[in-house]
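I have placed the structure first, in the form of structure tokens, so that the comments after it can refer back to it.
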Amino acid sequence: MIRVTIWNEFRHEQIEPVKSVYPRGIHSAIAGGIAAEDLEIRCATLDEPEHGLTDALLNTTDVLLWWGHRAHSAVSDEVVAKIRTRVLRGMGLIVLHSGHNSKIFSAMLGSSCSLRWRQVGEKERLWVAAPSHPIARGVPQTFALEHEEMYGEPFGIPDDGKIIFMSWFQGGDVFRSGVTFQRGSGRIFYFQPGHETFPTYYDKNVLKVISNAVRWAAPAEGEFAWDCPKCEPAEPIHPR
Ligand code: ZN
């Protein structure tokens with residue numbers, strides 16, 4: 001059983017036009033869309049105490065999903081530090097859409113995470129760039145979203161990211177729309193689709209990618225020794 005926590009800012013959905021698209025919140029749409037017998041899914045939102053991310057919840061989370069946009073600065077640094085430590089110790093992190101500007105994403109990557117954007121509802125076409133990767137399993141080689149926010153290059157992420165998806169937008173821009181990273185023992189996946197005014201999180205291909213990513217990001221056996229342990233020699237050492 002993989003213990004999944006979907007974190008959502010959950011402020012856009014309080015008002016129109018987003019309320020009509022996601023009446024129960026983006027988190028509920030994703031939770032319903034990826035529900036499966038091997039996933040135990042909980043949700044947490046910004047305006048709950050500790051943003052819903054209590055120690056009890058974080059310490060029992062295998063994979064954390066993150067959607068935020070207008071209130072990145074309202075997320076407490078203390079909670080971000082706890083999440084970062086959990087990721088280094090093996091918790092998976094999936095950052096969605098405007099989460100590229102979240103505190104936790106830049107804390108993990110150490111770069112600007114900046115990009116170019118345009119919100120006119122143009123068409124996006126995604127391409128699988130790494131067909132043998134587990135996140136691309138069962139996903140068509142290419143699929144389109146009729147309306148999305150354009151996110152374009154240059155994308156300020158480190159060069160060690162592995163590109164799983166690339167996107168083309170109707171206006172001519174291109175973007176690394178699905179990228180994986182490893183930080184400590186933790187696996188990280190950034191996935192670009194998901195602007196709040198479009199029904200992107202009901203799209204079967206988008207949900208398939210997120211489902212695959214949850215299973216890929218679940219912690220592997222064997223934790224990295226992240227706390228600098230003093231060690232004994234593996235071979236006897238003879239003084240000169
Ligand atoms: Zn957006």
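The values are calculated or read from the model by the stated rules, or taken from the named source; none is laboratory data. Everything numeric in this text was worked out from a predicted model, so none of it was measured. Positions of Cβ are backbone-derived with ideal geometry, glycine not excepted, and every protein chain shown enters the neighbour counts. Areas reflect the complete protein model, heavy atoms only, side chains present, ligands, DNA and RNA absent. Shrake-Rupley method; radii C 1.70, N 1.55, O 1.52, S 1.80 Å.
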*Please give the net charge around Glu122, taking every other residue with its beta carbon less than 15 angstrom from that of Glu122, where Lys and Arg add +1 and Asp and Glu add -1.*
-1
*Averaging sequence separations of C-alpha pairs under 8 Å and six or more residues apart, then dividing by the length of the chain, give the relative contact order as a whole percent.*
21 percent
*Spread of Cα-to-Cα distances over 10 Å intervals beginning at zero, given as percent, for the chain*: 7, 32, 37, 15, 4, 3, 1, 0
_Solvent-accessible surface ranking, highest first, for Lys230, Lys82 at 1.4 angstrom_ = Lys230, Lys82
*Peptides 35-46, 91-102: what's the order by average Cβ count within 10 Å, highest mean first?*
91-102, 35-46
*Determine the relative contact order of the stretch 32-158: mean sequence separation of Cα pairs under 8 Å and six or more apart, normalised by residue count, in whole percent.*
21 percent
*Can you tell which of Gly171, Asn8, Ala29 lies farthest toward the positive end of the dipole of the chain, using +1 and -1 charges on the Cβ of basic and acidic side chains (Lys, Arg; Asp, Glu)?*
Gly171
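Around Ile26, under 10 Å between beta carbons, what's the net of Lys plus Arg minus Asp minus Glu among the other residues? Numbers along the way, then the final one.
Details: positive: Arg24; negative: Glu9, Glu13, Glu196.
Once positives and negatives cancel, what remains is -2.
With the full set of protein chains in place, find how many percent of the accessible area of the chain is carbon and sulfur; take the probe as 1.4 Å. Don't jump to the answer; show the numbers that get you there.
On the way: 6080 of 11500 Å².
Its accessible area is 53 percent carbon and sulfur atoms.
Could you compute the net charge surrounding Leu58? Neighbours are other residues with a C-beta less than 12 Å from the C-beta of Leu58; K and R count +1, D and E count -1.
Numbers: positive: Arg3, Arg42, Lys82, Arg84, Arg86, Arg89; negative: Glu50, Asp55, Asp62, Glu78.
Result for the neighbourhood of Leu58: +2.
Any number yet on Rg/Rh for the stretch 38-151, C-alpha, Kirkwood? Could you put the intermediate results ahead of the total?
Values: Rg = 16.1 Å, Rh = 16.2 Å.
Across the stretch 38-151, the Cα-based Rg/Rh ratio is 0.99.
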*In nm, to one decimal, how far is the Ser112 label point from the Ala144 one, both placed 7 Å along Cα→Cβ?*
3.2 nm
*Considering the chain as a Gaussian network with a 10 Å cut-off on Cα pairs, which listed residue, Gly68, Gly184, Gly138, attains the greatest mean-square fluctuation?*
Gly138
*Å² per residue, accessible surface of the stretch 1-89 at 1.4 Å*: 46 Å²
_Quick check for you: with a 1.4 Å probe and neighbouring chains kept, what is the accessible area per residue of the stretch 90-240, in Å²?_
49 Å²
*asked:* For the pair Asp47/Ala130, report the inter-label distance in nm, with labels modelled 7 Å from Cα in the Cβ direction.
replied: 3.8 nm
